[in-house]
Amino acid sequence: MFIKCCGFQDEATIETAVQNKADAIGFITFPKSKRYVSIEDIGTLSERIPNYIDIVAVVVNLSFAEIERLVEQTSINTIQFHGDETIDFIKQIKGKYPHIKIYKALPANDSLFNNIKTFQDDVDLFLIDTPSKNYGGTGKSYDWSLLNEIKDISYLIAGGINVDKIKQIEQLNLNNAGYDISSGIETNGQKDHNKIETLLTYVKG
């Protein structure tokens with residue numbers, strides 16, 4: 001299972017995630033998020049993450065110029081589009097930065113299957129998240145049975161995921177590639193070394 005741990009703001013918990021075999025480390029660039037970090041902070045925090053890990057900048061409706069700054073001033077190798085970005089915009093970014101991996105977050109709503117069709121040829125990995133006005137980060141889950149019909153794309157389940165919810169999802173025999181986790185590895189809104197280690201040990205062994 002592929003595990004993306006997201007919303008980091010300090011080097012120590014990043015190191016815990018790396019040591020316990022996280023596949024992706026995410027940084028939130030959306031200023032309205034309580035997990036927001038600046039481009040300068042991402043530059044510092046991403047320096048020591050091994051490049052075999054997906055180093056992910058989560059972006060919400062940034063301009064082309066802002067994404068240029070992000071790619072050129074940090075060590076990120078992956079961009080997660082989490083807003084209302086168009087397929088044409090994503091193609092522009094891919095054209096300029098073909099080495100950058102592309103994630104696209106989609107809300108688990110009535111438009112999910114149409115959105116997958118729109119983006120699937122230009123996206124490396126989808127994240128299917130709980131719908132919200134503020135583009136994710138709710139810490140809440142949705143009805144995972146919606147995912148039963150998704151067979152032929154790579155996607156992560158997001159939205160309030162923790163060890164207990166992973167155990168529930170495992171009973172459903174879905175085709176998810178893994179999980180995107182933020183609040184499930186936190187205590188009182190801060191990344192928790194023990195929860196990071198416990199979750200990754202459970203999933204990765």
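Laid out as a table, the results:
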{"item": "So Ser63, is it within 18 Å of the chain's Cα centre (by Cα), within 19 Å of Val37 (Cα to Cα), modelled with pLDDT of 95 or more and hydroxyl-bearing (Ser, Thr, Tyr)", "result": "no"}
{"item": "Segments classed as strands (runs of 3 or more DSSP E), wholly inside the stretch 98-205, with at least 3 members that are in contact (Cβ under 8 Å) with a residue 24 or more places away in the chain and over 20 Å from Asn20 (Cβ atoms)", "result": "101-107, 125-129"}
{"item": "Complete set of residues in the stretch 54-69 that are buried (at least 20 other Cβ atoms within 10 Å of the Cβ) and of a type in the set (A, V, I, L, M, F, W, C)", "result": "Ile55, Val56, Ala57, Val58, Val59, Val60, Leu62, Ile67"}
{"item": "Among the residues listed as Ala65, Ala17, the single one being among the aliphatic types (A, V, I, L, M) and touching a Phe, Trp or Tyr at 6+ places or on another chain (Cβ under 9 Å)", "result": "Ala17"}
{"item": "Qualifying position, being surrounded by fewer than 20 Cβ atoms within 10 Å (Cβ to Cβ) and modelled with pLDDT under 95, among Gly95, Gly83, Gly43", "result": "Gly83"}
{"item": "Top-ranked residue in the stretch 156-202 [being among the aliphatic types (A, V, I, L, M) and over 20 Å from Thr130 (Cβ atoms); ranked as surrounded by the fewest Cβ atoms within 10 Å (Cβ to Cβ)]", "result": "Leu200"}
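The values are calculated or read from the model by the stated rules, or taken from the named source; none is laboratory data. Remember, it's a predicted structure, so these values are computed and weren't measured experimentally. Here the Cβ is made from the backbone with ideal geometry for all residues, glycine too, and neighbour counts use every protein chain on show.
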